[in-house]
Amino acid sequence: MFLPLMAQLRVSRTIGRPRTTPDAVWADKAYSSRAIRAHLRNRRIKAVIPEPADQAGHRKRRGSQGGRPPSFAAEDYRGRNVIERRFCHLKQWRGLATRYDKLAIVYRAGAVLNAVIAWARHLSTVT
């Protein structure tokens with residue numbers, strides 16, 4: 001699921017076409033796999049992903065053959081709770097929470113519609 005998402009990612013700019021590589025990717029421990037970290041490293045994207053305890057244990061058990069621990073910026077990771085709270089609001093929609101949609105484009109459309117509604121509500125409270 002992660003690699004197709006990264007393929008569709010676009011970071012807008014003020015001028016020119018959008019970039020396809022973000023500066024960093026914040027993820028939880030579930031996305032701490034070798035494949036994901038290698039993909040991010042090949043594209044020169046900073047991975048702000050904590051290492052799970054079991055992976056750290058396996059690495060330490062191998063000693064010097066286990067390699068270095070992956071880099072992790074704890075202060076950058078602290079801002080991830082904002083994204084988590086947004087996903088909690090997103091999952092209040094029953095169709096998105098249960099993932100009943102058969103097509104990915106329909107699921108994405110629901111997520112975008114939810115984001116537009118949240119943005120509109122935010123604009124109405126600001127003004």
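We did not get these values from a lab; they are worked out from the coordinates using the rules stated. Since we're looking at a predicted model, the values are computed, not measured. Here the Cβ positions follow ideal geometry from the backbone for every residue, glycine too, while neighbour counts run over all protein chains shown.
A few points about this structure:
- Residues residue 84 and residue 42, FRET efficiency given R0 of 22 Å [Cβ-Cβ distance, rounded to 0.05]: 0.20
- Projecting the Cα positions of 77, 25, 36 onto the charge dipole of the chain (unit charges on Cβ atoms of Lys, Arg, Asp and Glu, taken about the Cα centre) puts 36 furthest along the positive direction.
- Rounded to the nearest 20, the size of the Cβ-charge dipole of the stretch 79-127 about its Cα centre is 120 debye, with Lys and Arg at +1 and Asp and Glu at -1.
- Considering only alpha-carbon pairs that sit under 8 angstrom and 6 or more positions apart, the relative contact order computed for the chain is 14 percent.
- Point-charge dipole on Cβ atoms (K/R +1, D/E -1) for the stretch 1-77, about Cα centre, debye to 20: 400
- Descending by average beta-carbon neighbour count within 10 Å, the peptides 58-67, 34-43 line up as 34-43, 58-67, the highest first.
- Farthest toward the positive end of the dipole of the stretch 33-127, out of 123, 89, 67, is the Cα of 67, where the dipole comes from beta carbon charges about the Cα centre.
- R0 of 25 Å, Cβ-Cβ distance residue 24-residue 98: FRET efficiency to nearest 0.05: 0.20
- Difference of contour (0.36 nm per residue) and Cα-Cα distance, residue 35 to residue 54: 5.2 nm
- Mean shadow area of the chain over all directions, Cα convex hull, nm²: 10.7
- The chain: DSSP helices with Cα axial extent of at least 20 Å and average Kyte-Doolittle hydropathy no lower than 1.0: 104-126
- Ranked packing of 47-54, 16-23, 112-119, most packed first, by mean Cβ within 10 Å: 47-54, 112-119, 16-23
- Cβ-Cβ FRET estimate between residue 125 and residue 77, R0 fixed at 25 Å, reported to 0.05: 0.30
- Lysine pairs in the chain with Cα atoms under 25 Å, if 8 or more residues apart or on separate chains: 5
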